[in-house]
1. Taking ILE450, is it hydrophobic (A, V, I, L, M, F, W, C), without any contact (Cβ under 8 Å) to a residue 40 or more places away in the chain and open to solvent by less than 50 Å² (accessible area, probe 1.4 Å)?
2. Being open to solvent by 80 Å² or more (accessible area, probe 1.4 Å), outside any helix (DSSP H, G or I) and either farther than 24 Å from VAL470 by Cα or modelled with pLDDT under 80 (or both), is that true of even one residue in segment 344-363?
3. Can you confirm whether segment 65-81 contains a residue that is free of Cβ contacts under 8 Å to residues at least 12 places away in the same chain and loosely packed, with under 14 Cβ neighbours inside 10 Å?
4. Given the conditions (1) surrounded by 14 or more Cβ atoms within 10 Å (Cβ to Cβ); (2) small (Gly, Ala, Ser); (3) without any contact (Cβ under 8 Å) to a residue 40 or more places away in the chain, and given that SER61 satisfies all but one, which numbered condition is not satisfied?
5. Which residue pairs have Cβ atoms closer than 6 Å, lie 6 or more positions apart in sequence or on different chains, and pair a first residue in segment 38-56 that is over 19 Å from ALA121 (Cα atoms) with a second residue that is among the hydroxyl-bearing types (Ser, Thr, Tyr)?
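The values are calculated or read from the model by the stated rules, or taken from the named source; none is laboratory data. What you see is a predicted model, and the numbers here were worked out from it, not measured in a lab. Positions of Cβ are backbone-derived with ideal geometry, glycine not excepted, and every protein chain shown enters the neighbour counts. Areas reflect the complete protein model, heavy atoms only, side chains present, ligands, DNA and RNA absent. Shrake-Rupley method; radii C 1.70, N 1.55, O 1.52, S 1.80 Å.
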Amino acid sequence: MTSKISKSIIFISTVAVLLTIILTTVLLNEYSTKQSFIGLSQQAMVIGKSVETNGMNYLESTDFGDTFRVTWISADGTVIFDSVADEKSLDNHADRKEIHEALENGSGNSMRYSGTLMQSALNCAERLSDGTVLRVSTVHLSILAHMMNMTGPLVLVIVGISLLSVLVSDKVSKKIVQPINSINPDRPLISKTYKELEPLLNKLNTQNSRVRRQMEELTENRMQFEQIVANISEGIILTDPKLNIITLNEGSEKLLCVDNIQVGQSVYTLNSSDEFRKCILDALGGMRSECMLRTKNGEREIIASPARRIDMVCGLVIFVLDVTEKYRLEEMRREFTANVSHELKTPLTTIYGISDMLMGNMVMAEDVAQFGADIHYEAERLISLINDTISLSKLDEGIRTDNTAEIDVYELASEILERLELSAEEKEISTSVSGEHIIVNADRLILNDIIYNLCDNGIKYNKQGGKLNVNISANRKNAVITVSDTGKGIPEEHIGRIFERFYRVDKSRSDKVKGTGLGLSIVKHSVMQTGGTVDVKSETDKGTVFTVEIPIQKA
């Protein structure tokens, strides 16, 4: 700023001097021209009087020198006499301005500029009593000529003024800038500076207050953001264009099974696999990229997106997602599809084979009834499988009904055991219901599916001559249904999977035991539909106990 002020003072001083010189020269030139016209006019009047008295003799006998040029012109413009040139060689002067004005008004004047000589010719004309015109002319230097004559002094003046301006401007500029340099931007004091700066300083104070508030808000927002990100279970990683980590949350380290990762380290310290590198490089190239990583704790999905600024990538945003459960569910879906296909194929193959034999008259008359019974059995198995699949699908979709009513769980359990009486008699299993008459507000069909499937399994997988008991009780808020049997029991390593669809503990006996393999899955989802819980305890060769708790009042 000091330099600018100094330069400005020097420039203004130089321009002011130049303008002053030029303006003075112009004014002096105008004044000089005006005085020259006055003197020339007086000279023309004096010479004119002498010519009127003595005629040509005066003109021819007088030496006018180099100062003036005297010309006598007749009324028609013909030059009668010229003190400088031969009058016969001169053109007619009737069209000259000063001559024309003198003939009309009695006097006239003109000024003609010569660019070549950089001078002006001043002409004054007076009309004489006989109608002729006497003109007196002189030469006057132009403004440019005056300026050229003053070049030397002018240069000296400019140089002197410039040097003086340099000396003065440095001190003046420092003195001007000193109060401004002493301003504290954080706490500007208006009283110690120029009044002209008061609006600026007031605005600066206002801006400082606003900036402080905004910084406090930004700090608070950043802390909130960091707290939110830190508590997100998914991993979030931000990197710069050089793939150095700017920030990452704790979830990233947990999901990628790493620790002690520091800000500023390369993102490849998180994972150095080829899949991860390719995903990061694709994102760095401006393309959203995804990849899957397998860690010791499960499957991880990596989503890397470029952060853009105008047309360039200024960093990456990387998300780490735990998709272990998704993979498990996908595997279950594939397994379920395969199992359904298998379960449907087996009875359909049997039905198709028997019907093909019947169509070909390959069955003896006495065997038709048995083959019909086989078709009936397999068709019943198909219908049961389809019904169970539909029920399970509805439970998966969360389809709810409003068929809730007050149900006596004890009475319902008794009815179900009566329906299963034939199946129990086949294996000589004794069934019983014990406990209290507990009333619950629930969907009868859902509650029926729960108890029926547990009792049905208790009979199917029980020992010959075993026992099955259903006990009904209640705690503070739930009805407790306990179904216990004296069967083979479930090995401990299988208990965690028995509620999976089509899962069989003993696959070698799956074709011998009548059922769809969906019963316990229906139990689990039905219990979840009611908002209750199901628990299982079992010991090999000692039996199994299923405990279901159902809310007495519907939520």
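1. Working: hydrophobic (A, V, I, L, M, F, W, C): yes; without any contact (Cβ under 8 Å) to a residue 40 or more places away in the chain: no; open to solvent by less than 50 Å² (accessible area, probe 1.4 Å): yes.
No, not satisfied.
2. Within segment 344-363, one or more residues are open to solvent by 80 Å² or more (accessible area, probe 1.4 Å), outside any helix (DSSP H, G or I) and either farther than 24 Å from VAL470 by Cα or modelled with pLDDT under 80 (or both).
3. yes
4. Failing condition for SER61: (1).
5. SER50/TYR58; VAL51/TYR58; GLU52/SER129
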